[in-house]
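*Asks:* Following this message is one structure expressed as structure tokens.
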Amino acid sequence: MDPMFSVFFSRSPDPMWLLDPVSTRVEDCNPAAVRLLRAEQSGDLIQRSLGELSPGYQPDGRDSARTLRDWLASPQRAAGTRLEWTF
């Protein structure tokens, strides 16, 4: 990992995850993400999928699994779109 990115990632007050785009498994997360999900350490979240960490439905009524699949399949995702998500 680039040293500058590593500092930004680890010190950011915003929760961040690095995800495998195919499996949606967490490859890494920062301390803010650990606190948000009330985990003991990042190892508690690494290799878990977003589906495992999410409720069945998002607050707007969308099915979490379907929304995630649709977002990952979207060509706009590659253009740097953001995904608002409730855990």
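*Asks:* Restricting attention to the stretch 13-36, report how many residues are out of contact with any Pro (no Cβ under 8 Å at 6 or more places or on another chain) and within 21 Å of Ala65 (Cα to Cα).
*Replies:* Residues flagged as out of contact with any Pro (no Cβ under 8 Å at 6 or more places or on another chain) and within 21 Å of Ala65 (Cα to Cα) within the stretch 13-36 amount to 14.
*Asks:* Moving on to the next point. Search the stretch 1-21 for residues that are without any contact (Cβ under 8 Å) to a residue 12 or more places away in the chain and pair each with any residue that is among the charged types (D, E, K, R) and not in a loop (DSSP other than H, G, I, E, B) when their beta-carbon atoms are under 7 Å apart and the residues are at least 6 apart or on different chains.
*Replies:* Qualifying pairs under 7 Å: Leu18/Glu27; Leu18/Asp28; Asp20/Glu27.
*Asks:* Further question: Give the residue that is nearest to Glu84 (Cα to Cα), with candidates limited to residues of the stretch 46-67 that are in contact (Cβ under 8 Å) with a residue 12 or more places away in the chain and in contact with a Phe, Trp or Tyr (Cβ under 8 Å, 6 or more places away or on another chain).
*Replies:* Top of the filtered list is Gln58.
*Asks:* Any chance the stretch 70-86 includes a residue that's surrounded by 15 or more Cβ atoms within 10 Å (Cβ to Cβ), within 14 Å of the chain's Cα centre (by Cα) and among the hydroxyl-bearing types (Ser, Thr, Tyr)?
*Replies:* No, the stretch 70-86 contains no residue that is surrounded by 15 or more Cβ atoms within 10 Å (Cβ to Cβ), within 14 Å of the chain's Cα centre (by Cα) and among the hydroxyl-bearing types (Ser, Thr, Tyr).
*Asks:* Here is a follow-up. What do you reckon, is Leu72 in a helix (DSSP H, G or I) and touching a Leu at 6+ places or on another chain (Cβ under 8 Å)?
*Replies:* no
*Asks:* Can you find, within the stretch 34-69, the residue that is modelled with the lowest pLDDT among those that are in a helix (DSSP H, G or I) and touching a Gly at 6+ places or on another chain (Cβ under 9 Å)?
*Replies:* Within the stretch 34-69, the match that is modelled with the lowest pLDDT is Leu68.
The values are calculated or read from the model by the stated rules, or taken from the named source; none is laboratory data. Please read all numbers here as calculations on a predicted model, not as lab measurements. Here Cβ is always computed from backbone atoms with ideal geometry, including for glycine, and neighbour counts include all displayed protein chains.
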